[in-house]
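Everything below concerns the one structure shown next.
Readers should treat all values here as calculations from the given coordinates under stated rules, not as data from a laboratory. Fair warning: this is a prediction, and the values are worked out from it, not measured in the lab. For neighbour counting, all protein chains shown are included, and Cβ atoms are generated from backbone atoms with ideal geometry for every residue, glycine included.
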Amino acid sequence: MWRELQPIGRHPGTGGYRRFAWGGADLECRDWFREQAEARGLVYELDRNGNQWAWLGDPAAGDAVVTGSHLDSVPDGGAFDGPLGVVSSFAALDELRARGVRFTKPLGIVNFGDEEGARFGLACVGSRLSAGQLTVDQAHRLTDADGVTLPRAMEAAGYDPEAIGPDRERLARIGAFVELHVEQGRALDITGDRVGVASAIWPHGRWRFDFRGEANHAGTTRLADRHDPMLSYAESVLAARREARLAGAVATFGKISVEPNGVNAIPSLVRGWLDSRAADQATLDTVVDGIERAAREYAEAQGVRLDVVRESFTPVVEFDHALRDEIARILGADEDAELKVPVLGTGAGHDAGILSGTVPTAMLFVRNPTGVSHSPAEYAAEDDCVAGVTALADVLEGLARR
Ligand SMILES: [Zn+2]
């Protein structure tokens, strides 16, 4: 499976993946998912929001056990974020068949569409739509950097944008959802474990900071006469680092657009996107408020106007405790034994987090010794990936039999 996925959307220069929702590489990955489903005799299903499903047994029976992840990527993403969960799902099913396991419940594998939000700026569009956490109007207004709206992009890819919307009936068939994911940090590397179980996803959000100054000639405008939004932006980047460090949180300006974007022009507009996450809501509020307050001060000092818009927000997600304990028990083998698997919090968002409001949900993490993610340096050793598949197979077997 890895050999087939490896070349799809891989940039020859950076070695990173560029699989953006509804684009060519994403569509190739989706074709691959369908082929994997059909090659295993699973029933392939495409839902109204473009999420792909593969079923063993009839999902209408309800209380289904579902696993899966996503196949799209961030710009120049690594090979594992997303695909490891999907590949492991198919591999775990193969393993369970080899073990001769007979399921009493339907088993599903899912590829959620547009998880990373790389193209339209909002993460987890497929699962948000299905869970009713994104309205059809909001989704129809999503626009990429080339001015292409989500509906036009879906249409161009051969999908029906008018069909999108909440899909509660489909989600109601799920009794438990387990997402396996490459770890996006080094906790497992530090504890020396191959596989961990998620406890919670930190609350996180994205904010857009528009600094508006005055475009002017870079050669002839006296420094004292300038209203340079780049200066206020740069000072705000430093403030973000400072506020996050003080609070034990994270805050990142990772994307910027500049107008007129000329090397010999003082900018008229600098638009920067802030991503911030913390272990709890109060801490996150403190960090973002602190950054905004500092940014306003810096802007005022330069005679620059600042508008701040919160573009997306996901509150803290506590994964289902009963399911998490059951999974830890399954993986720990002995009911009385102490947990053999570490339980970790994470600062990264996932479809599992979106679904957790509707469906009992859990996550497994596979060790990533570099701790790096959203980069070609993201890595998981083959032995650890195999341990992940075995753990996932054990969990699916345990859940499908309960
Ligand atoms: Zn992911």
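Points worth noting:
- Close amide H contacts of Gly68 (hydrogens built in the peptide plane, cut-off under 5 Å, sequence separation of 5 or more or a different chain): Val110, Val178, Leu180.
- The range 79-145 and the range 349-402 have their alpha-carbon centroids 13 Å apart.
- Rounded to the nearest whole Hz, the Karplus-based 3J(HN,Hα) values (6.51 cos²θ - 1.76 cosθ + 1.60, θ = phi - 60°) of the range 354-368 follow the sequence 5, 6, 5, x, 10, 9, x, 9, 9, 9, 10, 10, 10, 3, 10, with x at glycine and proline.
- Placing R0 at 30 angstrom, the Cβ-Cβ distance between Asp383 and Lys255 gives a FRET efficiency of 0.25 after rounding to 0.05.
- For Gly345, nonlocal amide neighbours, meaning residues 5 or more places apart or on other chains whose placed amide H falls under 5 Å from its own, are Ser199, Ala200.
- Amide H contacts for Val372 (H built 1.01 Å from N in the peptide plane; partners 5 or more residues away or on another chain; cut-off under 5 Å): Tyr379.
- A Förster radius of 51 Å combined with the Cβ-Cβ distance from Thr135 to Arg293 puts the calculated FRET efficiency at roughly 0.95.
- Principal-axis tilt of helix 24-39 within the chain, Cα atoms, nearest 10 degrees: 10
- Estimated from helical segments only, the mean residue ellipticity of the chain at 222 nm is -11000 deg cm²/dmol, where each DSSP H run of four or more residues counts as -39500 (n - 2.57).
- Residue by residue, the range 192-198 carries 3J(HN,Hα) couplings of x, 10, 7, 9, x, 10, 7 Hz when phi is fed to the Karplus relation 6.51 cos²θ - 1.76 cosθ + 1.60 (θ = phi - 60°); x denotes Gly or Pro.
- Most mobile of Leu180, Leu223, Leu122 in a GNM of the chain (Cα contacts under 10 Å): Leu223
- The distance between label points at Gln6 and Thr220 comes to 5.8 nm (points 7 Å beyond Cα on the Cα→Cβ vector).
- Between Asp31 and Ala234, the C-beta separation translates, for a Förster distance of 41 Å, into a calculated FRET efficiency of about 0.40.
- For the chain, the Kirkwood hydrodynamic radius from C-alpha pairs, put into Stokes-Einstein at 10 °C and a viscosity of 1.306 mPa s, yields a diffusion coefficient of 71 µm² per second.
- Our coupling estimate for the range 44-60, obtained by passing each phi through the Karplus curve with A = 6.51, B = -1.76, C = 1.60 and θ = phi - 60°, is 8, 9, 10, 8, 5, 9, x, 7, 9, 10, 10, 10, 10, x, 8, x, 5 Hz, Gly and Pro reported as x.
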